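Worksheet for the structure shown next.
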Amino acid sequence: MFERRTPFPPAVAARRIGRWPAVVALAACCAVTVAGCGFQLRSWRVADDFQTARVEADGSVDFAAEVRAALREAGVTVVDGEADLVLRLSDQREEQRAASVAADARVAERELVLQVSVAYFAGDGAPLAPARVLRTERIARLDRGGLLGSGAEHALVATEMRTELVGRMLRALGGMGPPAAPGDSAAP
């Protein structure tokens, strides 16, 4: 009297099950290909090249502590004296300007800009790379109805910007390495 019904006719169910081995095989093939080509996730392999580091910051830089913490996290010992690596941070500038204006001629969004000059030196004072200016920009929305929320969002965006600059500083170190000793010469 009642027929038992399956969600899919048997032919459709067999086709759906038949695809899984092919999908699994394709995923395994992709994984083997990516692993075989030498792909690795990037990391801050700073400790391979530098065991100790010193961070020097002028009075304008307010996130030198974050740079020191990131170096420690990367396995580098941060010291105040002699070091294999010296990071000099200077000329931090923070800017805010109106990014958009609402219909009532009030600022609706602000563009936040953070930049800092960074120079990398070996322990003996030899430059490892030319000094460069790192800059990041973000847009933060202003909520006139919730000024406390806007302030918290502004602080969160500023923290994200500092974190981005610290990450960029350490990623730049990954390819630098210490300078070669005077007697060392690379074989062709």
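Give the residues of the range 95-109 that are basic (Lys, Arg) and at pLDDT 85 or above, sorted by residue number.
Arg97
Can you confirm whether Ser60 is touching an Asp or Glu at 6+ places or on another chain (Cβ under 7 Å) and in a loop (DSSP other than H, G, I, E, B)? Spelling it out, Ser60 is indeed touching an Asp or Glu at 6+ places or on another chain (Cβ under 7 Å) and in a loop (DSSP other than H, G, I, E, B).
I'd like to check something: does the range 82-92 contain any residue that is modelled with pLDDT of 85 or more, in a helix (DSSP H, G or I), of a type in the set (Lys, Arg) and under 23 Å from Asp58 (Cα atoms)?
Checked against the condition, which is being modelled with pLDDT of 85 or more, in a helix (DSSP H, G or I), of a type in the set (Lys, Arg) and under 23 Å from Asp58 (Cα atoms), the range 82-92 yields no hits at all.
Of all residues in the range 122-137, those that are at pLDDT 90 or above, in contact with an Asp or Glu (Cβ under 9 Å, 6 or more places away or on another chain) and not aliphatic (A, V, I, L, M) total 2. In the range 66-79, how many residues are in a helix (DSSP H, G or I) and farther than 11 Å from Arg162 by Cα? Within the range 66-79, residues that are in a helix (DSSP H, G or I) and farther than 11 Å from Arg162 by Cα number 6. Of all the criteria given as (1) at pLDDT below 90; (2) in contact with a strand residue (DSSP E or B) (Cβ under 7 Å, 6 or more places away or on another chain), the one not satisfied by Val118 is (1). Pull up the range 48-57, narrow it to residues that are within 21 Å of the chain's Cα centre (by Cα) and not in a strand (DSSP E or B), then point me to the one that is surrounded by the fewest Cβ atoms within 10 Å (Cβ to Cβ). Only one residue fits best here, namely Asp48. Within the range 114-131, the set of residues being assigned to a strand (DSSP E or B), loosely packed, with under 15 Cβ neighbours inside 10 Å and among the aliphatic types (A, V, I, L, M) comprises Ala129, Ala131. If you go through the range 95-114 and keep only what is in contact (Cβ under 8 Å) with a residue 24 or more places away in the chain and within 17 Å of Glu160 (Cβ to Cβ), you end up with Ala99, Glu109, Arg110, Glu111, Leu112, Val113, Leu114.
The values are calculated or read from the model by the stated rules, or taken from the named source; none is laboratory data. Since we're looking at a predicted model, the values are computed, not measured. Positions of Cβ are generated from backbone atoms using ideal geometry, with glycine treated the same way; all protein chains shown enter the neighbour counts.
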